[in-house]
Amino acid sequence: MKTFGGLRIAVAVLAIIYILIPLIVVIPASFTSANYPSFPADGFSLQWYTKILERPEFLEAFLNSAKFAALAAIFSVIFGTLAALGIAKYEIPGKPYITALLTSPLSVPQLVLGIALLMYFTPMMLAGTSTGFLIAHIVICIPYVMRLVLTGLSGFDYNLERAAAILGANPLTVFLKVTLPLIGSAAISGGLFAFLTSFDNVTVSLFMVSPEMRTLPIEIFSQMQDAYNPIVASVSSVVIFISVLLIIILEKIQGVGKVFGGSHHTNG
């Protein structure tokens, strides 16, 4: 039994190291003082971080990523929360199928999703537009919000809503005064994860962007195709730092594991 436990820990450690290898290479390489990528870093310098400010294409791409991620997070919280409330509270015909459909972007490969969205948006003149890009990101973000809100609703006492209604509160007041405060942390956590998902997305974005509209992951990808230099590592490190910060905040508020392992029950 002890041998099996030790083997399991060893496999887990190897898996963590394998996942962290890209970070172990990219972050130290961003601090090199050389004019070429090197690992281990050749000396220590912050010059590649200061040079980001001299590259308007990175700054513009960063602002684009932040703008679309914020909008995708806001709309995902609205639609994801409403969908989760509908699924958890009401007996809807075909509920399992509706839930599976709304959360399908979690299981469908993003390459397939990107191709499908491009084929769907092209006849509608949305491909390569800001609107199409935003809709695509909302589609991939909603499942994360739904997961977290459904988890938040799993321990929800619906008698509180019934008591408020009996005391004369209208449905909007019940939602604002009773329901929303109890699921607020789950919705905020879903919004943070939606922001992170949209901000870092590459695969679906590749099918939706136009030459005039670049996001930061797409700009990094394009720069690496032309010529890899340490400034790409510094920009990538900034993305990593932002992602780690958001994950820490998310873990404090709700717990990252609930995004992928949450469960829910319905209001029978």
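The values are calculated or read from the model by the stated rules, or taken from the named source; none is laboratory data. The shown structure was predicted, so the numbers you read here are calculated from the model rather than taken from an experiment. Note: ideal-geometry Cβ built from the backbone for every residue, glycine included; neighbour counts use all protein chains shown. SASA here: full protein model, heavy atoms, side chains in, ligands and nucleic acids out. Shrake-Rupley method; radii C 1.70, N 1.55, O 1.52, S 1.80 Å.
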Query - the chain - percent relative contact order, Cα under 8 Å, separation 6 or more - result: 31
Query raised in the report: For region 111-268, with only Lys/Arg (+1) and Asp/Glu (-1) charged at the beta-carbon, what is the dipole magnitude about the Cα centre, in debye rounded to 20?
Result: 400
Query raised in the report: What residues qualify as long-range amide H neighbours of Met213, i.e. H under 5 Å apart, gap of 5 or more or another chain, H built at 1.01 Å from N?
Result: none
Query raised in the report: So what is Rg over Rh here for region 65-146, counting just Cα atoms and using Kirkwood for Rh?
Result: 1.00
Query raised in the report: Under the rule of -39500 (n - 2.57) per DSSP H run of 4 or more residues, summed and divided by the residues of the chain, what mean residue ellipticity at 222 nm is obtained, to the nearest 500 deg cm²/dmol?
Result: -23000 deg cm²/dmol
**Report entry** Whole-percent carbon and sulfur share, accessible surface of the chain, 1.4 Å
**Finding:** 72
Report summary line: One point scatterer per Cα, no solvent, Debye formula: log10 I(q)/I(0) for region 104-218 at q = 0.10, 0.14, 0.15 Å⁻¹ comes out as -0.43, -0.68, -0.73
Query raised in the report: By per-residue mean of other Cβ atoms within 10 Å, what is the highest-first order of 32-39, 233-240, 188-195?
Result: 188-195, 233-240, 32-39
Report summary line: Per residue, accessible area of region 82-231 with a 1.4 Å probe, heavy atoms of protein chains only, in Å², comes to 49
Query raised in the report: How big is region 123-187 by Rg and Dmax over its Cα atoms, in Å?
Result: 17.3, 52
Requested in this report: Place a +1 charge on the Cβ of each Lys and Arg in the chain and a -1 charge on the Cβ of each Asp and Glu, then give the dipole magnitude about the Cα centre in debye, rounded to the nearest 20.
Outcome: 760
Query raised in the report: If you put +1 on each Lys and Arg Cβ and -1 on each Asp and Glu Cβ, how big is the dipole of region 1-131 around its Cα centre, in Debye rounded to 20?
Result: 460
Query raised in the report: What FRET efficiency, computed as 1/(1 + (r/R0)^6) with R0 = 30 Å and r the Cβ-Cβ distance, is obtained for Leu106 and Leu59, rounded to the nearest 0.05?
Result: 0.40
**Report entry** Farthest toward positive dipole pole in the chain [+1 Lys/Arg, -1 Asp/Glu at C-beta], among Leu102, Leu134, Ile87
**Finding:** Ile87
Report summary line: So for R0 = 45 Å, FRET eff. of Leu160-Ser243 from the Cβ-Cβ r, to 0.05, ends up at 0.80
Report summary line: Per the charge dipole of the chain (beta-carbon charges, Lys/Arg positive, Asp/Glu negative, Cα centre), the residue among Met119, Leu59, Ser210 reaching farthest to the positive end is Met119
Query raised in the report: Roughly how many Å² is the accessible area per residue of region 30-77, as a whole number, for a 1.4 Å probe?
Result: 56
Requested in this report: Just flag the GluC sites (Glu not before Pro) in region 1-71 sitting in loop per DSSP whose Cβ has no more than 12 other Cβ atoms within 10 Å.
Outcome: none
